[in-house]
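Trainee: This is the structure I have questions about; it appears just below.
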Amino acid sequence: MIDSEFIKWVREIINPQAKPNGNSVCVDDYSKDGMSEYKYPQEFVVNGDTYNWAISRRHTKGRHLCTHYELWFYGKAFRTGSQKIATGNLTKTKLRSGLKIIYNYYSASKEV
């Protein structure tokens, strides 16, 4: 379950950094009136640290050659500097999973 402090952080810190120049996406996250409620920037700053996320395409071999997509986040909050968050189509839940890791990193040190 996503807590209200996290949602407030997304609204106040992450969403204002979304720019209409192609730096952000709006996924399955709409208000009741059908208008875009949240936009998620691909590159953003939290407490002076730069973060970004990307979708990569991987080919797997086996019985059949197939392609799947992976969501990766990059930045200081991830132990190795990057972390695969999920595979498959990009969704609000998957994006927020990566953002939640960043939020928890700064919450633990009371820097949010």
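Trainee: In which sequence would Ser56, Ser4, Ser82 go, from the one with the fewest C-beta neighbours within 10 Å to the one with the most? Mind showing how you got there, number by number?
Mentor: On the way: Ser56 11, Ser4 7, Ser82 14.
In increasing order of surrounding Cβ atoms, one gets Ser4, Ser56, Ser82.
Trainee: Hey, which of these cross-link pairs are over 18 Å Cα-Cα: Lys19/Lys94; Lys19/Lys76; Lys8/Lys39; Lys19/Lys39; Lys8/Lys100; Lys8/Lys92?
Mentor: Details: Lys19/Lys94 21 Å; Lys19/Lys76 23 Å; Lys8/Lys39 14 Å; Lys19/Lys39 9 Å; Lys8/Lys100 12 Å; Lys8/Lys92 15 Å.
Violating the 18 Å limit, Cα to Cα: Lys19/Lys94; Lys19/Lys76.
Trainee: Would you calculate the separation in nanometres between label points at Asn21 and Asp49, each defined as 7 Å from the Cα along the Cα-to-beta-carbon direction?
Mentor: About 2.5 nm, to one decimal.
Trainee: Going by how many other Cβ atoms sit within 10 Å of their own, how do Glu43, Glu5 line up, fewest first? Display every interim value, and only then the final one.
Mentor: Values: Glu43 15, Glu5 11.
Fewest to most other Cβ atoms nearby, the residues stand as Glu5, Glu43.
Trainee: Quick check on the exposure proxy: order Leu90, Leu99 from fewest to most C-beta atoms within 10 angstrom. Don't skip to the answer; put the middle values down first.
Mentor: Values: Leu90 16, Leu99 24.
By the 10 Å Cβ count, ascending, the order reads Leu90, Leu99.
Values quoted throughout were computed directly from the atomic coordinates according to the rules given, and no laboratory measurement underlies them. Computed from a predicted structure; not experimentally measured. Note: ideal-geometry Cβ built from the backbone for every residue, glycine included; neighbour counts use all protein chains shown.
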